[in-house]
Amino acid sequence: MRKPVMAGNWKMYKTAGETAAFFQKFGPVVAGSSHAEIVICPAFVNVPAAVEAARSTSIEVGAQDVFWLKEGAYTGEVSAPMLAAAGCKWVIIGHSERRQYFGETDETVFKKTVAALEAELRPIVCVGERLEEREAGSTETVLATQCAGGIRGLSAEQFARIVIAYEPVWAIGTGKTATPEIAGAAHRFLREYLQARFGAEPAAACRILYGGSVKPDNIKGLMAQPDIDGALVGGASLDPASFAAIVNFG
Ligand code: PGA
């Protein structure tokens, strides 16, 4: 069966010192939690501190973005080989905040996903509709379009190594979680899409995470949905006790 992934997206929060302090508290509480893969995604600059703090734990470290070329004159960018060399195992790609504020498109999501896979990183590819799109009844069209541009071109071997995160934009950082039923329906739609593109078995093996105001008190209901395979957690992953409660939801 699909092993859940519980990933913390720290966004632009925490210094290196605060990163180390988080792991000191969080590490021992999740030491016995082998039911899920646990990932922390700090800001680029704190990847070394997180990798150091996660040493000799089963917690893995990811980045929040990546550029699609290996090297070159691209001021401010970070490449996949650089992340891998720094100890990252995962990378979030196409987060709605990158789409909204930094010009991320389905095309750049695809290029970044391929680059990440070439460097042996595990991409967490984010999709999700905005409030006006949901209200207009176009959620499924939006998800299909994002998947078509972002991952449809992957080979079967590449597809087997990605994780998808469904994050309705209206639920991110707003305290408005999608109900388990709303989230579950979107996950089911995504799995059907993946099945049509990649086949039944690969689609059944793909982990699809839910993200958007996941908290200790709503994780259990979300995880009870058959097509929800973990969570991408923003705000509630910043506090060691609350993220540990989400990881250990059962
Ligand atoms: P949130 O963020 O949990 O704070 O809503 C989720 C995300 O943006 O990945």
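You will find that of GLU37, GLU18, the residue that is crowded, with 20+ Cβ neighbours inside 10 Å, under 18 Å from ALA236 (Cα atoms) and either of a type in the set (Asp, Glu) or away from the ligand (no atom under 16 Å from the Cβ) (or both) is GLU37 and no other.
Please verify whether segment 132-142 includes one or more residues that are within 22 Å of ARG191 (Cβ to Cβ), surrounded by 21 or more Cβ atoms within 10 Å (Cβ to Cβ) and within 19 Å of the chain's Cα centre (by Cα).
no
Considering only residues in segment 108-129 that are farther than 18 Å from LEU194 by Cα and touching a helix residue (DSSP H, G or I) at 6+ places or on another chain (Cβ under 7 Å), the one that is surrounded by the most Cβ atoms within 10 Å (Cβ to Cβ) turns out to be ALA116. The residues listed here are GLY212, GLY235, GLY199; of these, the one that is modelled with pLDDT of 95 or more, over 13 Å from MET6 (Cβ atoms), of a type in the set (Gly, Ala, Ser) and touching an Asp or Glu at 6+ places or on another chain (Cβ under 7 Å) is GLY212. Looking across segment 238-249, the residues that are hydrophobic (A, V, I, L, M, F, W, C), crowded, with 17+ Cβ neighbours inside 10 Å and away from the ligand (no atom under 11 Å from the Cβ) come down to ALA244, VAL247, PHE249.
Here VAL169 clears all of (1) within 15 Å of the ligand (Cβ to nearest atom); (2) closer than 22 Å to ALA244 by Cα except the condition numbered (2). In a residue-by-residue description of segment 114-128, the property of being of a type in the set (D, E, K, R) and in a loop (DSSP other than H, G, I, E, B) applies to at least one position. Report yes if ARG152 is more than 15 Å from the ligand (Cβ to nearest atom) and modelled with pLDDT under 95, otherwise no. Answer is yes for this residue. Taking the numbered list (1) more than 16 Å from the ligand (Cβ to nearest atom); (2) more than 19 Å from the chain's Cα centre (by Cα) in turn, ALA115 passes all entries but (2). Filtering segment 172-205 to residues that are in a helix (DSSP H, G or I), within 16 Å of the ligand (Cβ to nearest atom) and more than 22 Å from ALA136 (Cβ to Cβ) leaves only PRO180. Residues that are under 18 Å from the mean Cα position of the chain (by Cα), without any contact (Cβ under 8 Å) to a residue 40 or more places away in the chain and more than 17 Å from GLN158 (Cα to Cα) within segment 179-202 comprise just one, ARG188. Among the residues of segment 206-219, at least one is under 18 Å from the mean Cα position of the chain (by Cα), of a type in the set (Ser, Thr, Tyr) and either away from the ligand (no atom under 15 Å from the Cβ) or assigned to a loop (DSSP other than H, G, I, E, B) (or both). Whether a residue is within 15 Å of the ligand (Cβ to nearest atom), in contact (Cβ under 8 Å) with a residue 60 or more places away in the chain and surrounded by 15 or more Cβ atoms within 10 Å (Cβ to Cβ) was assessed, and GLY235 passes this test.
The values are calculated or read from the model by the stated rules, or taken from the named source; none is laboratory data. Note that the structure is predicted; figures quoted are calculated from it, not measured. Glycine gets a Cβ as well: all are built from the backbone with ideal geometry, and neighbour counts include every protein chain shown.
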